[in-house]
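Structure first, then comments.
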Amino acid sequence: MSNDAPTQSRKTLWLVAAVCIAPFVASFAAYYFYQPDGRVNYGELMADQQLPAAALKLTDGKAFALAQLRGKWLFVTVDDAACDAYCEKKLWQIRQVRKTQGKYPERIERVWLITGGGQPAPRLSSEFEGTWLVNVAGSAAAGSAVLEALPHAGTLTDHIYLVDPLGNLVLRYPRAADPSRMKKDLDRLLRVSRIG
């Protein structure tokens, strides 16, 4: 019986040690080897990149630079002046998401970068009044610099981009983005932002 007692004591000691050490080993493994798939934001987070403050023109010929909207959050979309059904849907989405911001819609601006030259239909100008209509084709080098700064999967016209008040790209939304989830992203950003 005396031989079994030390063996039993050692087993108990090892069991107690294993129970005490297990949480540390598990937390170490979780921290270094487990990469969660979930994320809080709906839009795809963009690498730290600032849009160039290039000299552009509005469709009415007036000078424009994205830098003049610093201090505001920007929804940016890219489309041809002809504006197909999907283009109109994006313009509608960014208008509606802006409207949902209650008493703070002035913190958000909407920018349509128009490629290929030409003028959008007057109906679109009035329906989406307040959207900055920027002719990137009219200032070739500057317009190209802005378009090249917008990373895209598929085509450039698939996405809606969100730019922070310092001019940095923050989020990129996929084709046929869900406006209610875009709104949640924007709500969170406006709530925690000390600028814009």
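The values are calculated or read from the model by the stated rules, or taken from the named source; none is laboratory data. If you're wondering where the values come from, they're calculated on a predicted model, not measured in any experiment. We place every Cβ from the backbone using ideal geometry, glycine too, and count neighbours over all the protein chains shown.
Numbers for the structure displayed
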| item | result |
| --- | --- |
| The stretch 169-196, residues that are loosely packed, with under 14 Cβ neighbours inside 10 Å and either of a type in the set (Ser, Thr, Tyr) or under 11 Å from the mean Cα position of the chain (by Cα) (or both) | Ser180, Ser193 |
| Answer residue from the stretch 78-95, given it is aliphatic (A, V, I, L, M) and part of a loop (DSSP other than H, G, I, E, B) and is farthest from Glu148 (Cα to Cα) among those | Ala82 |
| Pair list, Cβ < 7 Å and 6+ apart or interchain, from the stretch 141-163 residues that are surrounded by 16 or more Cβ atoms within 10 Å (Cβ to Cβ) to residues that are among the hydroxyl-bearing types (Ser, Thr, Tyr) | Leu150/Tyr161; His159/Tyr173; Ile160/Thr77; Ile160/Tyr173 |
| Identity of the residue in the stretch 102-140, farther than 17 Å from Ala53 by Cα and charged (D, E, K, R), that ends up surrounded by the fewest Cβ atoms within 10 Å (Cβ to Cβ) | Lys103 |
| Residue that is farthest from Val76 (Cα to Cα), among those in the stretch 107-133 that are aliphatic (A, V, I, L, M) and touching a helix residue (DSSP H, G or I) at 6+ places or on another chain (Cβ under 8 Å) | Leu124 |
| Unmet criterion (only one of (1) at pLDDT 90 or above; (2) of a type outside the set (Ser, Thr, Tyr); (3) surrounded by 13 or more Cβ atoms within 10 Å (Cβ to Cβ)) for Lys99 | (3) |
| Condition broken by Gly61, with the remaining ones in (1) within 22 Å of the chain's Cα centre (by Cα); (2) free of Cβ contacts under 8 Å to residues at least 24 places away in the same chain satisfied | (1) |
